[in-house]
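What follows is a single structure, written as structure tokens, with notes after it.
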Amino acid sequence: MKEPKLGLGSVIATGVGLIVATSCLLSIGQGASTIGTPFIISMSLACAFNILTALSICELNALMPNISGGMAQFTLASCGPLLTIVTNMGGFLCCQVILGSSEASMFGNTLSQVLPSIPISGEAYSIAMIVLLCILNLRGVDMFAKIQNVVAYGLIVSLVIMGILGVIKVNPSSVVEQPSVLSSKMSDVFSLLGLSFFLFIGVEFIVPIAPEVKNARRIVPLGMVVSLVIILVMQILITLGFKNYTAWEELSQSTIPHVLYGTALLGKAGTVWMSVVSILAVVSSVNTIMFGIPQLCYGMAKIDLLPKFFMRKNGRGNPYVGLILVTAALSLINATGLSSSEKLVFLINTGCVFWIFCYVMVHIDVIILRFRMPHAPRTFRLPLGITIPVVGIAGNLYMIWNIAPDSKNRLVIFAIFAIVSILLSVYAFFWVKFRMEKPFFKPFAIKDVMAMDTDLYQIRHYPLVAKRLHIEAVPELHATSAETNTGTRPELG
């Protein structure tokens with residue numbers, strides 16, 4: 001068995017890397033310009049709800065450690081295969097492709113604005129970055145960690161410094177005199193929870209890399225919580241800086257509020273600096289997506305929820321099929337210009353509904369497994385029984401309801417959510433019934449889910465696939481339950 005290579009620094013870089021994106025910086029500007037500095041309360045509450053989700057994920061990961069598919073395995077063990085396929089494909093795969101496309105487009109737009117004399121389109125810059133990150137990620141987890149550590153920590157340091165400079169009013173001549181509070185009504189604060197939630201979404205992408213993390217049972221929970229707290233501190237500093245250097249009205253109309261802020265704070269140097277920050281945020285987000293989604297597809301394929309070709313790895317142990325498909329999807333969307341249209345923000349909000357619903361499922365998984373297996377050993381266990389999951393479910397449902405301030409937009413988003421869920425359910429129905437040949441809602445035993453995640457299981461149950469994928473038998477601690485069924489099943493891909 002290969003040695004894990006990632007430490008706490010890489011785990012934090014992964015968490016921060018996906019969550020902090022240029023679209024998040026835009027969301028901070030929109031929220032702050034709506035109610036002023038009380039938006040910090042909205043962000044703090046949203047961060048708290050995300051920490052509750054992270055804690056629930058930690059308990060599930062402690063119950064089923066070092067699995068490669070993460071969220072899919074948890075739901076499979078609590079709710080069965082149909083809900084697992086729908087929630088993971090809708091909430092993570094589809095949503096991340098949309099988000100990654102928008103981030104890549106922002107990268108191209110930033111470069112085309114910073115380098116106007118170079119006759120290269122924003123789409124060309126975006127696709128070049130996507131292809132370059134694909135090539136680098138094909139080199140394996142070591143290259144991912146090197147890119148992520150440099151980019152994410154450069155991003156953290158830059159935003160913290162720029163926030164502090166704005167808070168201490170380092171350039172007094174450019175300070176804007178304006179009220180810090182535009183609305184102190186708690187109803188207005190709560191109405192922005194949905195927007196605030198987007199600022200912290202994505203910490204669960206740490207789970208698929210857990211098998212690559214040294215001392216994962218301790219490092220993964222710590223890395224999740226530390227990532228969220230670091231992000232909250234950065235966003236508070238940036239919000240206070242916005243208040244001092246950007247007029248609320250200008251902030252609400254700007255599509256690049258961080259660049260607007262940097263220019264007001266430090267002039268041309270601030271423009272360049274925040275442009276670099278924007279580029280770091282995009283590269284960090286897209287790099288995490290391009291590493292995390294193939295790992296998620298790989299894990300789902302191991303437990304029969306996706307075709308087995310997603311398990312194919314290159315010589316460096318990277319699941320390249322998922323990576324190539326993600327690269328193709330991101331490139332296609334950017335080539336067509338869809339990722340730069342106004343409708344994309346609406347699509348991202350729609351994707352967030354799926355994402356938050358997945359978080360609801362995480363808490364439901366914890367509750368179900370608590371009642372089903374109350375005495376199972378857990379190296380991390382939530383305090384106060386099921387109180388934290390119940391509070392988390394209530395908070396997440398409230399944020400889904402407030403995903404958009406306009407009621408008509410909300411209804412359209414909910415309609416799209418329902419339609420896509422139905423389509424995914426149809427796919428899941430045929431896959432589970434005719435390919436998996438399993439009951440739709442019957443949970444898998446945890447020991448079987450963990451066994452399915454091993455190479456030994458693949459060799460015993462899918463020998464032809466294992467041979468094609470060059471999977472060799474390796475002794476693993478939780479592989480013994482693969483012996484519960486000595487027969488083989490039809491190959492699934």
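The values are calculated or read from the model by the stated rules, or taken from the named source; none is laboratory data. Predicted model, so just to flag it, every value in this text is computed and none were measured. Cβ atoms come from the backbone with ideal geometry, glycine included; neighbour counts cover every protein chain shown. The protein model used for the area step is the full one, side chains on, heavy atoms only, and it has no ligands, DNA or RNA in it. Shrake-Rupley method; radii C 1.70, N 1.55, O 1.52, S 1.80 Å.
For the criterion of being among the aromatic types (Phe, Trp, Tyr) and under 29 Å from ILE256 (Cβ atoms), PHE92 passes.
If you go through the stretch 387-407 and keep only what is surrounded by 15 or more Cβ atoms within 10 Å (Cβ to Cβ) and in a loop (DSSP other than H, G, I, E, B), you end up with ASN402, ILE403, ALA404.
The helices (runs of 4 or more DSSP H) located wholly in the stretch 32-99 that include 3 or more residues which are of a type outside the set (Lys, Arg) and under 15 Å from the mean Cα position of the chain (by Cα) occupy 39-63.
Checked against the criteria, ILE201 counts as under 29 Å from LEU45 (Cβ atoms), modelled with pLDDT under 80 and part of a loop (DSSP other than H, G, I, E, B). Screening the stretch 224-256 for residues that are out of contact with any Gly (no Cβ under 8 Å at 6 or more places or on another chain) and among the charged types (D, E, K, R) and picking the one that is farthest from THR37 (Cα to Cα) gives GLU250. One residue stands out in the stretch 115-129 among those that are surrounded by fewer than 19 Cβ atoms within 10 Å (Cβ to Cβ) and of a type in the set (S, T, N, Q): the one that is farthest from VAL282 (Cα to Cα), namely SER117. The residue pairs whose first member lies in the stretch 113-141 and is outside any loop (DSSP other than H, G, I, E, B), whose second member is aromatic (Phe, Trp, Tyr) and open to solvent by 20 Å² or more (accessible area, probe 1.4 Å), and whose beta carbons are closer than 7 Å, counting only pairs six or more residues apart or on different chains, are TYR125/PHE107; SER126/PHE107; MET129/PHE107.
Candidates in the stretch 348-372 are the residues that are free of Cβ contacts under 8 Å to residues at least 24 places away in the same chain and among the hydrophobic types (A, V, I, L, M, F, W, C); of these, the one that is nearest to LEU52 (Cα to Cα) is ILE367. What tally of residues in the stretch 320-339 results from selecting those that are under 30 Å from GLU437 (Cβ atoms), surrounded by fewer than 24 Cβ atoms within 10 Å (Cβ to Cβ) and not aliphatic (A, V, I, L, M)? Qualifying residue count, the stretch 320-339: 1. Taken over the stretch 408-451, the residue count meeting the criterion of being in a loop (DSSP other than H, G, I, E, B), hydrophobic (A, V, I, L, M, F, W, C) and either open to solvent by less than 70 Å² (accessible area, probe 1.4 Å) or more than 22 Å from PHE357 (Cα to Cα) (or both) is 3. Cβ-Cβ contacts under 7 Å between residues 6 or more apart (or on different chains), taken from a first residue in the stretch 311-333 that is more than 28 Å from SER102 (Cβ to Cβ) to a second residue that is open to solvent by 80 Å² or more (accessible area, probe 1.4 Å), are listed as ARG316/ARG139.
Regarding ALA247, is this residue farther than 12 Å from MET162 by Cβ, touching a strand residue (DSSP E or B) at 6+ places or on another chain (Cβ under 9 Å) and among the aliphatic types (A, V, I, L, M)? No; evaluated as a whole, the condition is false for this residue.
Among the residues of the stretch 228-264 satisfying the criterion of being free of Cβ contacts under 8 Å to residues at least 12 places away in the same chain and over 15 Å from GLU177 (Cβ atoms), which is farthest from the chain's Cα centre (by Cα)? Looking at the filtered set, the residue picked out is THR263. Assess whether VAL225 counts as being at pLDDT 80 or above and more than 30 Å from GLY292 (Cα to Cα). No: the conditions fail for VAL225. Within this structure, ASN215 fails the test of being at pLDDT below 90 and touching a Ser or Thr at 6+ places or on another chain (Cβ under 7 Å). Scanning the stretch 346-372 for residues that are open to solvent by less than 60 Å² (accessible area, probe 1.4 Å) and either modelled with pLDDT of 80 or more or on the phi > 0 side of the Ramachandran plot (or both) yields a count of 17.
Residue-wise test of (1) within 16 Å of ASP455 (Cα to Cα); (2) under 13 Å from the mean Cα position of the chain (by Cα).
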{"position": "ILE289", "(1), (2)": "no, yes"}
{"position": "TYR298", "(1), (2)": "yes, no"}
{"position": "MET311", "(1), (2)": "yes, no"}
{"position": "GLY317", "(1), (2)": "yes, no"}
{"position": "VAL321", "(1), (2)": "no, no"}
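Among the numbered conditions (1) aliphatic (A, V, I, L, M); (2) open to solvent by 20 Å² or more (accessible area, probe 1.4 Å); (3) assigned to a loop (DSSP other than H, G, I, E, B); (4) closer than 23 Å to CYS58 by Cα, the only one that VAL229 does not meet is (3).
For ASN171, are the conditions met, namely being open to solvent by 10 Å² or more (accessible area, probe 1.4 Å), more than 30 Å from the chain's Cα centre (by Cα) and not aliphatic (A, V, I, L, M)? Against the criterion (open to solvent by 10 Å² or more (accessible area, probe 1.4 Å), more than 30 Å from the chain's Cα centre (by Cα) and not aliphatic (A, V, I, L, M)), ASN171 qualifies.
Conditions (1) at pLDDT 85 or above; (2) at positive phi; (3) part of a helix (DSSP H, G or I), marked per residue:
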{"site": "THR255", "(1), (2), (3)": "no, no, no"}
{"site": "GLY262", "(1), (2), (3)": "yes, no, yes"}
{"site": "LEU265", "(1), (2), (3)": "yes, no, yes"}
{"site": "GLY270", "(1), (2), (3)": "yes, no, yes"}
{"site": "LEU296", "(1), (2), (3)": "no, no, yes"}
